[in-house]
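Taking it in order: structure first as structure tokens, then the write-up.
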Amino acid sequence: MRNLGSLKVSPLGLGCMGMSFGYGKPKDENEMINLIHKAYDLGINFF
């Protein structure tokens, strides 16, 4: 974990902007929710 101010966050993060807008058509909502859960299960908590 790394410090981001007073928060402890994972060294890797997951960018979420492309999941709903910004890079073409929005992705399937359930798939993106599953992806976020999987990332969290693998230790990523910086979104």
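Could you check how many residues of the chain are surrounded by 12 or more Cβ atoms within 10 Å (Cβ to Cβ), touching a Ser or Thr at 6+ places or on another chain (Cβ under 7 Å) and at pLDDT 95 or above?
Counting residues in the chain that are surrounded by 12 or more Cβ atoms within 10 Å (Cβ to Cβ), touching a Ser or Thr at 6+ places or on another chain (Cβ under 7 Å) and at pLDDT 95 or above gives 3.
Looking only at the range 21-47, which residues are among the charged types (D, E, K, R) and assigned to a helix (DSSP H, G or I)?
Glu29, Glu31, Lys38, Asp41
The values are calculated or read from the model by the stated rules, or taken from the named source; none is laboratory data. Computed from a prediction, not measured in an experiment: that's the story for all the values here. With ideal geometry, Cβ positions are generated from the backbone for all residues, glycine too; neighbour counts draw on all protein chains shown.
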